[in-house]
1. How high is the FRET efficiency from residue B:75 to residue B:150, r the C-beta distance, R0 30 Å, rounded to 0.05?
2. Give the calculated FRET efficiency between residue A:208 and residue B:62 to the nearest 0.05, with a Förster radius of 41 Å applied to their Cβ-Cβ distance.
3. State the Kirkwood hydrodynamic radius of the protein assembly as shown in Å, one decimal place, computed from all pairs of distinct Cα atoms.
4. Under the √(5λ) rule applied to the eigenvalues of the Cα gyration tensor, what semi-axes describe the equivalent ellipsoid of region A:33-170? Give them in Å, descending.
5. How high is the relative contact order of chain B? Use alpha-carbon pairs under 8 Å, at least six apart in sequence, and give a whole percent.
6. So if R0 is 41 Å, what FRET efficiency would residue A:243 and residue A:183 give, r being the distance between their Cβ atoms, rounded to the nearest 0.05?
7. Name the residue, out of A:104, A:28, A:112, whose mean-square fluctuation peaks in a Gaussian network model built on chain A with Cα pairs under 10 Å.
8. Give me the percent of DSSP beta bridges within the protein assembly as shown that run antiparallel, rounded to the nearest 5.
């Protein structure tokens, strides 16, 4: 029998959410150590050389990078498939995933969520309002214009649910933690895709634990998640004190 | 019959080299518009929303991101395969590719090659010697320590040649343009892998055109490459004047 899969990474992270959503959708059992990179100890550095979450542990195999992990889950557990069968559509889905992981992450997570929530709550620093304002008025609208142009009028991006929908919905979910919502009159295609994807049972199960984590300092989340029935590991790589500068190495 | 493949991107870029090496290794015919993002015009922005190179054009399909493109080439032209057959090794190869595309690119390309060559030659600005010194003394050695620990004592990373070797060799090739060479006494595994990969006929064919491009300002490269027999497109998305700030959007 295969060992049980383990994920290191916090429910609040969109990168972690991509992986957890794929596992939920594929019906895989897993345990999670819900740390942020800010509190990872030296063992975390050993498993994740760039100190990023998520990390997937599958027996002897340790994998980094959400895109690499999602593709691995697809290769190893192909049913249900979360990548389009058509080769060209599969490539386009992977591109939309990459667009989310780099650009949408930059404008929604680093310039909005990190500025408005993490800097204040974790590091007790001030939000840079100019960064937030530029993200809200220029950069996020431009990214939404691009996405809107790539998506169909209804349904998922490529017919059946795929990694493209999972990625887009994951980033906008983290943005919603600081009350960002897509204007459905201006970007109806993206808004309906995000709503449809986030309404899936897999996303709804995760939402419960995301809300638990969101309410608490990172060092108090573990106990609350345990009480809320999250599938926690028996060990943790988290330390008691968040350290700035460990969130992103470059 | 399928349309001929087209690549937009310069021979000097390690991201472009990954794609061209895959195409050469798979024996695919292609044309190239050897522009840098600095000189791309509005049509380039349309094809590449983050203004990155390479772009692959395959008939109606336009693809961005070197990792997405290389995986597409593998899916569409599976022989010879450039991804390990074993699922776990395939995932590890993709992770090493990702490590190169983000971290090795950051320390070798942006902190070394861009500082020493592009800033001076394209934009007539001064090198930030502190950035270069830190890259050479701390960051590149740390990245090499990590790679050395991942690689076998001899041969390619996963038995047969794979995207992992192609990626590692591509980034160190661009670093060699500013005379960076791996210390083979300190990192023998990485040094032999890079030497072995760069000695392949596919890399050697590209090396000829890389050297042609390297000697000249970006706006003079096209004519010289044509004279050197590079498979150029009949059109170009390049403008006469390089524009700073278009190299990297985030």
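Read the figures in this text as sums done on the coordinates, not as results from a lab. No experiment lies behind these values; they were computed from the predicted model shown. When we count neighbours, we look across all protein chains shown, and the Cβ atoms used for this are built from the backbone with ideal geometry, even at glycine.
1. Details: r = 25 Å, r/R0 = 0.84.
Efficiency computed from Cβ-Cβ geometry: 0.75.
2. On the way: r = 40 Å, r/R0 = 0.98.
It comes out at approximately 0.55.
3. Details: mean 1/r = 0.0423 Å⁻¹.
Mean inverse Cα-Cα distance, inverted, gives 23.6 Å.
4. Values: eigenvalues 154, 128, 18 Å².
After scaling each eigenvalue by five and taking roots: 28, 25, 9 Å.
5. On the way: 346 pairs, mean separation 72.6, N = 250.
After rounding, I find 29 percent.
6. Values: r = 37 Å, r/R0 = 0.90.
The pair residue A:243/residue A:183 has a calculated efficiency of 0.65.
7. Its mean-square fluctuation being the largest, the pick is A:28.
8. Working: 20 of 30 bridges.
Percent antiparallel among DSSP bridges in the protein assembly as shown is about 65.
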